[in-house]
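The values are calculated or read from the model by the stated rules, or taken from the named source; none is laboratory data. In this text, all values refer to a predicted model and were calculated from it rather than measured experimentally. Quick reminder, even Gly has a Cβ in these numbers, built from the backbone with ideal geometry, and neighbours come from all protein chains shown.
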Amino acid sequence: MNDTGWWRVPPAAAPVRARVNAPTAGDDTTPDVMVAGTFAAAGLVTGGTVLVRNWPEDVPAAEALAVAFADMGGYVVSSSVGLTVTGRSTSGDVDPVTIDLADASGVAPLLLVVASLAGGESRFVGPIDDRVLAVVDNLRRLGVRVDVEAGQVTVVPGQAAAGRWESAGDVDVALAGLVAGLVVDGIELTDWAVVENRYRGLTGEWTRMLSADEYLVPGSDRLPHEYVTR
């Protein structure tokens, strides 16, 4: 991150495989759903496996996000050790979906970005708020076709290009851009300092995750060699 608060997001050079603890805000012990979901999405969109150890439980938005990731073709396992999301496609392609924006309240920015990587058109139906429109503008800026009608957003996947992702001081919009930066080299996130100031250590945990290369057994917090009894 540079002194002006923007960050050139490091792309994923390989499928992301890691065990992470999603950073929390202040004295909170449970991460916000958007933060936890952003880390989990890294496994889905890169064809890797990510375990979020401190996945928020009994939170409707978290449950809706896990269902959406499964509908998008991910192998999603909830267990006592957290939530594991594995991308079934080695290319990172995901399945198109139809999402009710009312059910996806709070995580729509993230799902819009994941949908831009799908193999077909995805539709988001329901109330369209400012965060959704901000992500739409950013996706269009990268060259992704997004159609907005009364009560519906249609994402038509296409080859995205490098560019500036305007966060406009909104944490959720910035986090959505972070996922886009995994697969689009050259994403420059504005106002990243707003995110880091709220979730101390997020930048460090994100970059550590990209280089961890932990070959997890899906649904477990163990690596294969850790099953060996000596």
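Sort out for me the helices (runs of 4 or more DSSP H) sitting completely within the range 119-224 that have 2 or more residues that are closer than 15 Å to V9 by Cα. If you could, list the steps in order and put the result at the bottom.
Details: elements: 130-141, 171-183, 192-198, 202-212.
Passing ranges, in order: 171-183, 192-198, 202-212.
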Task: Residue count for the range 10-27, restricted to those that are touching a strand residue (DSSP E or B) at 6+ places or on another chain (Cβ under 8 Å) and of a type in the set (A, V, I, L, M) - done: 4
- [ ] Evaluate the range 185-203: report whether one residue or more is of a type in the set (A, V, I, L, M), modelled with pLDDT of 95 or more, within 24 Å of A64 (Cα to Cα) and surrounded by fewer than 22 Cβ atoms within 10 Å (Cβ to Cβ).
- [x] no
Task: Subset of the range 130-160 [of a type outside the set (G, A, S), in contact with a helix residue (DSSP H, G or I) (Cβ under 8 Å, 6 or more places away or on another chain) and at pLDDT below 95] - done: P157
TODO: List the number of the failed condition for G26; all other conditions in (1) surrounded by fewer than 16 Cβ atoms within 10 Å (Cβ to Cβ); (2) out of contact with any Lys or Arg (no Cβ under 9 Å at 6 or more places or on another chain); (3) of a type in the set (G, A, S) hold.
DONE: (2)
- [ ] Check A70 against each of (1) under 14 Å from the mean Cα position of the chain (by Cα); (2) without any contact (Cβ under 8 Å) to a residue 24 or more places away in the chain; (3) assigned to a loop (DSSP other than H, G, I, E, B) and name the one condition it does not meet.
- [x] (3)
Open item on the list: Checking the structure you have, find out if any residue of the range 26-34 is over 13 Å from the mean Cα position of the chain (by Cα), among the small types (G, A, S) and under 22 Å from V195 (Cβ atoms).
Closed with: yes
